[in-house]
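What follows is a set of notes on a single structure, which appears directly below.
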Amino acid sequence: MPQLETFYDVMRRQGITRRSFMKYCTLTASALGLGPAFVPQIAHAMETRPRTPVIWLHGLECTCCSESFIRSAHPLVKDVVLSMISLDYDDTLMAAAGHQAEQAMEDVIREYHGNYILAVEGNPPLNEDGMFCITGGRPFVEKLRHAAEGAQAIISWGACASYGCVQAAHPNPTRATPVHEVITDKPIIRVPGCPPIAEVMTGVITYMLTFQRLPELDRQGRPAMFYGQRIHDKCYRRAHFDAGQFVEAWDDENARRGYCLYKMGCRGPTTYNACSTIGWNEGVSFPIQSGHGCIGCSEDGFWDQGSFYERVTDLTQFGVEANAGEVGMAAAGLVGGGVALHAAVSALKSAQVKRQEAASEEA
C-alpha cells in the first residue's frame, strides 16, 4: 500500500508554522467539545498518522451535504480535503470526469483495500434493479456495494443516506433505501440533517483521524457528541417555553418578542442535533433564532410527520416536559399558587408579630 503524507507534513510543506499548527489543534479540540488535555493527543495524531484515503459517493440527493461541508469554518474544508484526508474520489468536487474519475475510484479500492473511508451522500433506489439512479454507467446500488466491500467504515452524510429523506417519503415509488439497510456488514456512522451542520461533518472526520476509532454513537447510530442533546435543551427560547409564552400566529406580537415557536409546529423538543449550540454559517444563527421552527430534519422519517407548520398542542413523546397548553396553565397555576402561598405565609408572620408585641406589653 503506498505511504501517504501525514497531516503535519502537508501543513509544513505549505509553510504553516508550528505555532499555527498548535493553534489549529486547540481549535479542533474546542470544536469537538474536548478539553485542553486532548490538544497534545490531537497534535500527535496529526504528526504521525498518514492521511486517510476517502471515497465520497453520491446517490439520490440534492448535494446540500456537500454544499454544507465546503462551508466549514472550524476546521476549514480546504484543510480537511487537502491536508487531513486524501479525498481521492468525489465526482462533485474532483477535476477528473468520465473514465478517468471511475478509474481513480478503482485505484483507491485496489491500493488501500480495507484502509479507506467510504462517505455516502444520498441513498440507493432499489426499485427496477436500481435503474432510477445511474452513475458511471451502472446502478448506484451496485457502485455502493462495490466501494463498501473494501472500506474500513462508512459515513452516511445527511438525512438521505441516514434515513431516506424526501426520496423515501410515502409512497416511495423508487424504493429509496438508507445506506445501512443495504450495507449490513460494515460499521456505519449516521450524520443526519438536511443538510448536517458543516462543523459536525468535519468534526466527525477529525475525531476518526485523531483517535483511530468511531465516535461514541447513540441508539440510532449518530455521534453522541453532536446528537446527544435535544435542540430544545439549549434553545435560547427555552425560558419562554417554561414560562408558557408562545407565538400564536406568524408575525404576531409574541413572535416579535422572541417567544417559543412550539405551538407553530417547532420540533425542537423531539429533535437531537447541535443546531442550538454550534449554529450555522460560522455560528451566526440557526432556524429557530431566525424565526422559523425546527422541522426535525435529523430524525428518522421527518418528511412523513405531517406539515412543518401544523399547530402543535399535544406533542409529548421523547420526554417533552408537557404540551404547550399544559405548560401555560401550569405556569399560571404556579404563579397563582405562589401568590396564595406568599399571602398565607405573610398572614402567619403578621399574626406571630402581633402576639409577640402583645406578650411584650403584658410583661
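At-a-glance table
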quantity	calculated
Set of aspartates and glutamates near Lys23 by C-alpha distance (under 15 Å), chain-local residues within fewer than 8 positions excluded	Glu47, Asp79
Ranked packing of 32-41, 162-171, most packed first, by mean Cβ within 10 Å	162-171, 32-41
Global form of the range 7-226, assessed from the alpha-carbon gyration tensor, a/c cut-off 1.5	prolate
Residue order, fewest to most beta carbons within 10 Å, for Phe211, Phe132	Phe211, Phe132
Span from the the range 274-304 Cα centroid across to the the range 118-143 one, whole angstrom	29
Label zone at Asp304, where the point sits 7 Å out along the Cα-to-Cβ direction: the range 158-176 residues whose backbone N lies under 12 Å	164-173, 175-176
Chain lengthening between Glu111 and Ala239 when straightened (0.36 nm per residue, less Cα-Cα)	40.6 nm
For Thr135, distant residues with modelled amide H under 5 Å away	Phe140
Separation in nanometres of the label points that stand 7 Å from Cα toward Cβ, at Ile134 and His170	3.3
Cα gyration tensor shape of the range 97-210, rounded if a/c is under 1.5, else prolate or oblate by comparing a/b with b/c	oblate
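Every number in this text was worked out from the coordinates using simple rules, so none of it is lab data. Predicted model only: the values in this text are computed from it and were never measured. Virtual Cβ from ideal backbone geometry, glycine too; neighbours counted across all protein chains shown.
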